[in-house]
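Let me begin by presenting the structure, written as structure tokens, before commenting on it.
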Amino acid sequence: VQLQAFGGGLVQAGGSLRLSCAASGRTYINNAMGWFRQAPGKEREFVATISWNGVNTYYADSVKGRFTISRDNAKNTVYLQMNSLEPEDTAVYYCAAARVSGATSSTGMYAYWGQGTLVTVSS
């Protein structure tokens, strides 16, 4: 059972990146999925979540209107499109699968975590 996030990198402020999270070992089509991030010296924080069927999504206020979460259950993959990136978005981004099917921002509801991918936004 493994979640692998990739797609991070170095980008200038105002630029875009698309993160992907691929699952292997099992399917997560019945699980809500989420993206979290952890900046240096800070605690891990919620970024975005999507329900099992992709109908419901929720975002942290800091990324609302700039980030979009989506999923392709046929590919067992979740995406995070990040636009208008700001230096404050610099962090390691993690994807996770929840114990429930409904979208949730609660870290405690997530049972499976992937390795992170580093996003660095330069000013």
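The values are calculated or read from the model by the stated rules, or taken from the named source; none is laboratory data. Nothing here was measured: the structure is a model prediction, and the numbers come from that model. Virtual Cβ from ideal backbone geometry, glycine too; neighbours counted across all protein chains shown. Side chains included, ligands, DNA and RNA excluded: accessible areas come from the protein's heavy atoms. Shrake-Rupley method; radii C 1.70, N 1.55, O 1.52, S 1.80 Å.
See the values below:
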{"item": "Any hit, the stretch 5-15, residues being crowded, with 21+ Cβ neighbours inside 10 Å, on the phi < 0 side of the Ramachandran plot and touching a strand residue (DSSP E or B) at 6+ places or on another chain (Cβ under 9 Å)", "result": "yes"}
{"item": "Residues being open to solvent by 30 Å² or more (accessible area, probe 1.4 Å) and either among the aliphatic types (A, V, I, L, M) or over 12 Å from the mean Cα position of the chain (by Cα) (or both) - total across the stretch 92-123", "result": "15"}
{"item": "Selection from the stretch 75-99 of residues that are under 15 Å from K64 (Cα atoms) and either among the polar types (S, T, N, Q) or assigned to a loop (DSSP other than H, G, I, E, B) (or both)", "result": "Q81, N83, S84, L85, E86"}
{"item": "Single residue of the stretch 37-68 satisfying the filter (in a loop (DSSP other than H, G, I, E, B) and of a type in the set (S, T, Y)) that is least open to solvent (accessible area, probe 1.4 Å)", "result": "S51"}
{"item": "Residues of the stretch 74-91 satisfying the condition of being open to solvent by 40 Å² or more (accessible area, probe 1.4 Å) and either touching a Lys or Arg at 6+ places or on another chain (Cβ under 9 Å) or over 19 Å from K42 (Cα atoms) (or both)", "result": "A74, K75, Q81, N83, S84, E86"}
{"item": "Flag for N53 being out of contact with any Leu (no Cβ under 9 Å at 6 or more places or on another chain) and at pLDDT 95 or above", "result": "yes"}
{"item": "Residue check for G102: small (G, A, S) and in contact with a Lys or Arg (Cβ under 6 Å, 6 or more places away or on another chain)", "result": "no"}
{"item": "Answer from G102, G34 - the residue that is touching a residue at least 40 places away in the same chain (Cβ under 8 Å), part of a strand (DSSP E or B) and of a type in the set (G, A, S)", "result": "G34"}
{"item": "Only one of R18, R71, R26 that is loosely packed, with under 15 Cβ neighbours inside 10 Å and in contact with a Gly (Cβ under 6 Å, 6 or more places away or on another chain)", "result": "R18"}
